[in-house]
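Enquirer: Mind looking over this structure? Questions follow.
The values are calculated or read from the model by the stated rules, or taken from the named source; none is laboratory data. Predicted, not measured: the structure shown is a model, and the values here were computed from it. No Cβ is skipped: glycine too gets one built from the backbone with ideal geometry, and neighbour counts run over all protein chains shown.
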Amino acid sequence: MDKDKIQSLLGEIVDPSSEKTLKETGGVRYIGIDDDEEKPSVNLIIGLGKDDDQTKAKIRRSIAKVIKIDLGFHGLKIDFELLKKQESILDDDRNIKYIAIASGKGGVGKSTVTANLAIALTRLGKRVGIIDADIYGSSIPTIMDVPVTMPKARDDEKIIPFNKMGVELISTEFFLKKDQPLMWRGPMLGKMLNHFFYDVGWQKDLEYILIDLPPGTGDVAMDIQKLIPECEMLIVTTPHESASHVAVKAGFAAKELKHNIIGVIENMSYLNHAGEQINVFGEGGGKIVADRLGTDVMQTIPIGQPTGENHSIYDMKEEIGVIYLGLANKLIKHYE
């Protein structure tokens, strides 16, 4: 069964608390399908205007009719949450540029690129936030040298994002015990993403939100599409054939989700050693990905190590720091 079909049918159900359809309110927050051949089931997150027991019981009956009777699924699990689109970064009047940073496989430096690009944009006077949506392998706090502690809350119960070098950021890492693995499935992942967008007290004048996606394709990428259909993509690869091969798949998955691909970043492109350029991981992978996806290589970034206190963030006086400033400038011009 296609998720779009379920989305369409659920969208016709009326939320009793607002007398509007779930399509009108955006109340279908998450759809997950367990394709067990004998007992297929559906997991849902439904946003309501009110979450009192009477409202939930009424809409639960309507949803059960669609899922179990009309569509024939064996099981149904529904989690409810209050709709909180007001005063969120998804409000239309915020005019934020959403950019997801994706890769086909891990280990290509996607999160390091995300962090350095965010800081480069900040250095150029832009107000930037990072959502670390690499749920199972969150590393933004480590890269940006932010202590992993539970975030505090404002008086209105909005979560206060951390701030490092002028960049606001939030990550799953802040909500877990040290070294604790994340064992969540789709619905819980969807809930965490919703918290990042709806329940965090981001500064009012944010201009860019960079979203560090997990490698490959999966629930998180699809949830981002539902939350932010207008989100655009940067694809990160290395020159190596294995990385570029999988990056092409990630790019085509983004296209299927109707995301515009801004361009490709070839990370770890080469190593400067004693005046010689050494292609440690081969060459040409970024161009292969860009050609297959019908876009351009926005930047090639060499292998290097920052010389400052932070082990992952380049100073703007370093060669690679200047390269990131160039990438940030290209991104700004893309939106002009």
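Enquirer: Provide a single number: the residues in segment 183-213 that are at pLDDT below 85 and within 30 Å of LYS333 (Cβ to Cβ).
Expert: 2
Enquirer: Still on this structure, I have one more. Under the condition of being at pLDDT below 90 and of a type in the set (D, E, K, R), which residue from segment 75-88 is surrounded by the most Cβ atoms within 10 Å (Cβ to Cβ)? So that I can check it myself, show each step before the final result.
Expert: So in segment 75-88, the residues at pLDDT below 90 come out as 79-88.
Keeping just the survivors that are of a type in the set (D, E, K, R) gives 79, 81, 84-85, 87.
Details: ASP79: 14, GLU81: 19, LYS84: 15, LYS85: 13, GLU87: 14.
This residue is GLU81.
Okay, residues lined up against (1) under 15 Å from GLU12 (Cβ atoms); (2) within 28 Å of the chain's Cα centre (by Cα):
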{"residue": "GLY32", "(1), (2)": "no, yes"}
{"residue": "ILE45", "(1), (2)": "no, yes"}
{"residue": "THR55", "(1), (2)": "no, no"}
{"residue": "ASP70", "(1), (2)": "yes, no"}
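Enquirer: Taking the condition modelled with pLDDT of 90 or more and charged (D, E, K, R), does ASP145 pass?
Expert: Numbers: modelled with pLDDT of 90 or more: yes; charged (D, E, K, R): yes.
When the stated conditions are applied, ASP145 passes them.
Enquirer: Let me ask another. What about THR307, is it within 17 Å of LYS110 (Cβ to Cβ) and assigned by TED's automatic domain parsing to the domain that holds THR122? Steps first, answer last, please.
Expert: Working: within 17 Å of LYS110 (Cβ to Cβ): no; assigned by TED's automatic domain parsing to the domain that holds THR122: yes.
No.
Enquirer: Another question about this same structure. What's the number of the condition TYR136 fails, among (1) part of a strand (DSSP E or B); (2) under 16 Å from PHE196 (Cβ atoms); (3) of a type outside the set (A, V, I, L, M)?
Expert: Single failed check for TYR136: (1).
Enquirer: Within segment 30-57, how many residues are charged (D, E, K, R) and surrounded by 15 or more Cβ atoms within 10 Å (Cβ to Cβ)?
Expert: 2
Enquirer: Tell me which residues, restricted to segment 241-266, are surrounded by 24 or more Cβ atoms within 10 Å (Cβ to Cβ) and either at pLDDT 95 or above or farther than 19 Å from ASP296 by Cβ (or both).
Expert: Those that are surrounded by 24 or more Cβ atoms within 10 Å (Cβ to Cβ) and either at pLDDT 95 or above or farther than 19 Å from ASP296 by Cβ (or both): VAL264, ILE265, GLU266.
Enquirer: Right, something else. Listed residues ILE63, ILE99, ILE69; which is assigned by TED's automatic domain parsing to the domain that holds GLY11, modelled with pLDDT of 90 or more and touching a Leu at 6+ places or on another chain (Cβ under 7 Å)? Before you say what the answer is, go through the steps one by one.
Expert: Working: ILE99 fails: assigned by TED's automatic domain parsing to the domain that holds GLY11; ILE69 fails: touching a Leu at 6+ places or on another chain (Cβ under 7 Å).
Going through ILE63, ILE99, ILE69 in turn, the sole match is ILE63.
Enquirer: In segment 312-336, which residue that is under 24 Å from the mean Cα position of the chain (by Cα) and either over 28 Å from CYS231 (Cβ atoms) or in a loop (DSSP other than H, G, I, E, B) (or both) is modelled with the lowest pLDDT?
Expert: Result: GLU336.
Residue-by-condition table, conditions (1) in contact (Cβ under 8 Å) with a residue 40 or more places away in the chain; (2) within 30 Å of GLU157 (Cβ to Cβ); (3) of a type in the set (Phe, Trp, Tyr):
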| site | (1), (2), (3) |
| --- | --- |
| LYS56 | no, yes, no |
| ARG61 | no, no, no |
| LEU71 | yes, no, no |
| HIS74 | no, no, no |
| PHE80 | no, yes, yes |
| ARG94 | yes, yes, no |
| ALA100 | yes, yes, no |
| GLY125 | no, no, no |
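Enquirer: Still on this model: Do we find a residue being over 21 Å from GLU319 (Cα atoms) and without any contact (Cβ under 8 Å) to a residue 60 or more places away in the chain anywhere in segment 298-307? Don't jump to the end; show me each part of the working.
Expert: Going residue by residue through segment 298-307, those that are over 21 Å from GLU319 (Cα atoms) are none.
No, there is no match, as no residue in segment 298-307 is over 21 Å from GLU319 (Cα atoms) and without any contact (Cβ under 8 Å) to a residue 60 or more places away in the chain.
Enquirer: Additional query: Residue under question is GLY326, and the condition is that it be touching a residue at least 24 places away in the same chain (Cβ under 8 Å) and surrounded by 15 or more Cβ atoms within 10 Å (Cβ to Cβ); does it hold?
Expert: Values: touching a residue at least 24 places away in the same chain (Cβ under 8 Å): yes; surrounded by 15 or more Cβ atoms within 10 Å (Cβ to Cβ): no.
So GLY326 does not fit the description; no.
Enquirer: Separate question: Working only within segment 102-137, note down all residues that are hydroxyl-bearing (Ser, Thr, Tyr) and either modelled with pLDDT of 95 or more or closer than 28 Å to VAL322 by Cβ (or both). Explain how you work it out, then say what you get.
Expert: Residues of segment 102-137 that are hydroxyl-bearing (Ser, Thr, Tyr), as a first pass: 103, 111-112, 114, 122, 136.
Those that are hydroxyl-bearing (Ser, Thr, Tyr) and either modelled with pLDDT of 95 or more or closer than 28 Å to VAL322 by Cβ (or both): SER103, SER111, THR112, THR114, THR122.
Enquirer: Give GLY27, GLY11, GLY72, GLY107 a once-over and let me know the one that is among the small types (Gly, Ala, Ser) and surrounded by 16 or more Cβ atoms within 10 Å (Cβ to Cβ). Talk me through it step by step, then tell me what you get.
Expert: Values: GLY11 fails: surrounded by 16 or more Cβ atoms within 10 Å (Cβ to Cβ); GLY72 fails: surrounded by 16 or more Cβ atoms within 10 Å (Cβ to Cβ); GLY107 fails: surrounded by 16 or more Cβ atoms within 10 Å (Cβ to Cβ).
Residue meeting the stated conditions: GLY27.
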